[in-house]
Amino acid sequence: MLRSSLLYLSRQQRIFDFVKNVGFARKMASRFVAGETIATALAAVEQLNAKGITASLDLLGESVSSEAEARDTGRQYLEILDRIEQKKLQANVSVKLTALGQDISDELGLEVVRQVLDRAKQYNSFARLDMESSAYTDRTLDTFEHKLYPDYPANVGVVLQSSLRRTLDDVERANRLKCRVRICKGAYLEPATVAFPDKADVDRNYVEAMHRLMEHGNYPGIATHDELIINEAKRFAKERGIASDRFEFQMLYGVRRDLQEQIVKEGYRMRVYVPFGSQWYPYLMRRLAERPANIAFMAGNIVKE
Ligand code: FDA
């Protein structure tokens, strides 16, 4: 109930317009968002790299409504890739097709994402297409498989969500392509027709998808903070003789920092998703929806300061 209310609020632009200048809300955001500028985000990446953790930079923002905004987002991604290369950081980028103009037209989204991928290819870098709500799953996967992956097989990857009923079929499709997949649980409120309403089913589906990706896929990103699943990944890798450099764990900036460092110490690869930018509100609300206890936790910390 609280989760669905928070996810509902995440889509209310008017509430963001109201809270964006409220100090308390901005402070809560700073727990999960690495500032509003490329410079603050790169500083966060430097700190992670110093701990042996790689990063994926995400310029926050979802569906844009004008071509100018889409092109501007694309330009900022080019700058991010340039800066990563200049500073020799261990980082790549994550992009949302709707932030690059897909909702205005497929052609625009495709043109802008190809500019980003051309730059990624120039630097032997990588861009992950984040997965949005189920309204976008088919469009995103079709664009990925038919219009991007053939030209950038080493530079582009996709995300699958274990909350969706279709996902094991998509895992098989991805394994046949040999493309890189990030598997996550899924952050959006979805109807029971397309997604499992029970968390236990989402978790079971995650483990099955993860096993198939680890055994037959190409360098999967295991994106979760769920320790049971992380332990299962380690156990499965040992049982099947899958070397620790054939997959990576991924977590979100500011979430389970203790576990991020522990995983690196154990000799596994760890990548942290580093969101930044002024459009932090929907992202923050999705993080609070995942763990409403964060509201009390952060409020307590802010009041203490
Ligand atoms: P789950 O929600 O079951 O949480 C397991 C445990 O992790 C909790 O008990 C708690 O201890 C801890 N935890 C989880 N979330 C927390 C939080 N916000 N604060 C503090 N502790 C928390 N989704 C999507 O739809 N499309 C996408 O492209 C991506 N991309 C993505 C990249 C990366 C690197 C990650 C880690 C996640 C995503 N996600 C995503 C989000 C994902 O779908 C999911 O919503 C979150 O990861 C939370 O699910 P967990 O797997 O962590 O498990």
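The values are calculated or read from the model by the stated rules, or taken from the named source; none is laboratory data. Computed from a predicted model, the values in this text were never measured in an experiment. Don't worry about glycine lacking a Cβ; one is built from the backbone with ideal geometry, like all the others, and counts go over all protein chains shown. Keep in mind that these areas ignore ligands, DNA and RNA; they rest on the heavy atoms of the full protein, side chains included. Shrake-Rupley method; radii C 1.70, N 1.55, O 1.52, S 1.80 Å.
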Margin query: So with the 1.4 Å probe, I'd like the accessible area per residue for the chain, rounded to whole Å².
Written below: 46 Å²
Next item on the list: Kindly provide log₁₀ I(q)/I(0) values, in the same order as q = 0.11, 0.16, 0.18, 0.25 Å⁻¹, from the Debye equation applied to equal alpha-carbon scatterers of the range 146-232.
Entry: -0.29, -0.60, -0.75, -1.24
Note to self: P(r) for the chain, please, calculated from all Cα pair distances in 20 Å bins and given in %.
What the structure shows: 33, 63, 4
Checklist line | Rg(Cα) / (2.2 N^0.38 Å) computed for the range 183-242, rounded to two decimals | finding: 1.18
Notebook entry, point to check: Can you list the GluC sites (Glu not before Pro) in the range 204-273 that are in a DSSP coil and have 12 or fewer other beta carbons within 10 angstrom?
Noted result: Glu266
Item checked: Residue of Glu79, Glu107, Glu190 that the Gaussian network model of the chain assigns the largest fluctuation, springs spanning Cα pairs under 10 Å -> Glu107
Check: Of all DSSP beta bridges in the range 34-279, what percent run antiparallel (nearest 5)?
Finding: 5 percent
Check: Looking at the range 89-222, what % of its DSSP beta bridges pair antiparallel, to the nearest 5?
Finding: 5 percent
Notebook entry, point to check: Given a 1.4 Å probe and every protein chain left where it sits, what share in percent of the accessible area of the range 34-279 is carbon and sulfur?
Noted result: 49 percent
Notebook entry, point to check: What is the Cα convex hull volume of the range 42-127 when expressed per residue in Å³?
Noted result: 75 Å³
Margin query: Using the Cα centre of the range 34-279 as origin and beta-carbon charges of +1 (Lys, Arg) and -1 (Asp, Glu), tell me which of Leu148, Pro191, Leu48 is placed farthest towards the positive end of the dipole.
Written below: Leu48
Margin query: I'd like the chymotrypsin sites (Phe, Trp or Tyr not before Pro) in the range 170-241 restricted to DSSP loop residues with at most 10 other Cβ atoms within 10 Å, sorted by number.
Written below: none
Notebook entry, point to check: What is the ratio of the Cα radius of gyration of the range 79-223 to 2.2 N^0.38 Å, where N is its residue count, to two decimals?
Noted result: 1.05
